[in-house]
1. Using Cα-Cα distances under 8 Å and only pairs 6 or more residues apart, what relative contact order does the chain have, in percent?
2. Using a Gaussian network model of the chain with C-alpha springs under 10 Å, which one of 177, 101, 52 is most mobile by mean-square fluctuation?
3. Taking 8 Å as the Cα distance limit and 6 or more residues as the minimum spacing, I'd like the relative contact order of segment 182-243 as a percentage.
4. Could you sort 73-86, 217-230 so that the peptide with the highest average Cβ count within 10 Å comes first and the rest follow in order?
5. Percent relative contact order of segment 49-179, based on C-alpha pairs within less than 8 angstrom and at least six residues apart?
6. How long is segment 182-243 along each principal axis, judged by its Cα atoms, biggest number first, in Å?
7. What whole-number volume per residue, in cubic angstrom, does the convex hull of the C-alpha atoms of segment 29-86 give?
8. How tilted is helix 24-38 with respect to the longest principal axis of the chain? Cα atoms for both, answer in degrees (0 to 90, nearest 10).
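Nothing in this text is a laboratory measurement; each read-out follows from the coordinates by a stated rule. Predicted model, so just to flag it, every value in this text is computed and none were measured. In this analysis, Cβ positions are derived from the backbone assuming ideal geometry, glycine residues included, and neighbour counts consider all displayed protein chains.
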């Protein structure tokens, strides 16, 4: 597939808010994987701010524990938090030069093999909602064209988040919509734990099982995990779907 077609599909996935399967969990999944596929980056994650102003991870291309810990080091401070507060991109071409400023982040990035970070604000017009984190294994600044494309993708996702129902969202309802997305993510984490325990598998594999089930049955992932957590959908239904292929 050529790059032009990839770009078209990426923006369509981020802006088509009227499909029955559209929900914020799919939205952020599409965002990080579009960045990974289209940009000169080795990993991507998106975080949005909770009611206290801390950044919470919504989706990432890497679900390993060490990578999750890397993201958590930026919950209260770091380049992603700086990007969120200023609503401007923040570039860290070589994390080894920033050990004094961000010691925990520098250690976590070095441990997981990443040396450069680009933080892109996730914003609605000029209002910051969170950040898109792009990580590279090789030191160096992200190319300007990639930075601009990442901002366009992030802005598209922020706009879609505000319109993921058929009813227009008033400006004052931004906080409600963001908190709803955070609640959906929290429910997803509980559901992944339930499936992992029930199927005796990893959290990553449990996430794949849930996503595959929702996709196969044309359901929103948010609806699937909510049904699982409220016990209206038995875990066996998810694991049997894996066994049935």
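1. Over the chain, the number comes to 21 percent.
2. Highest fluctuation of the listed residues: 52.
3. 37 percent
4. Those peptides, ordered most packed to least, come out 73-86, 217-230.
5. Averaging sequence separation for qualifying contacts and normalising by length gives 21 percent for segment 49-179.
6. Its Cα atoms span 28, 22, 19 Å along the three principal axes.
7. For segment 29-86, the hull spanned by Cα atoms encloses 89 Å³ per residue.
8. The helix 24-38 is inclined about 50 degrees to the chain.
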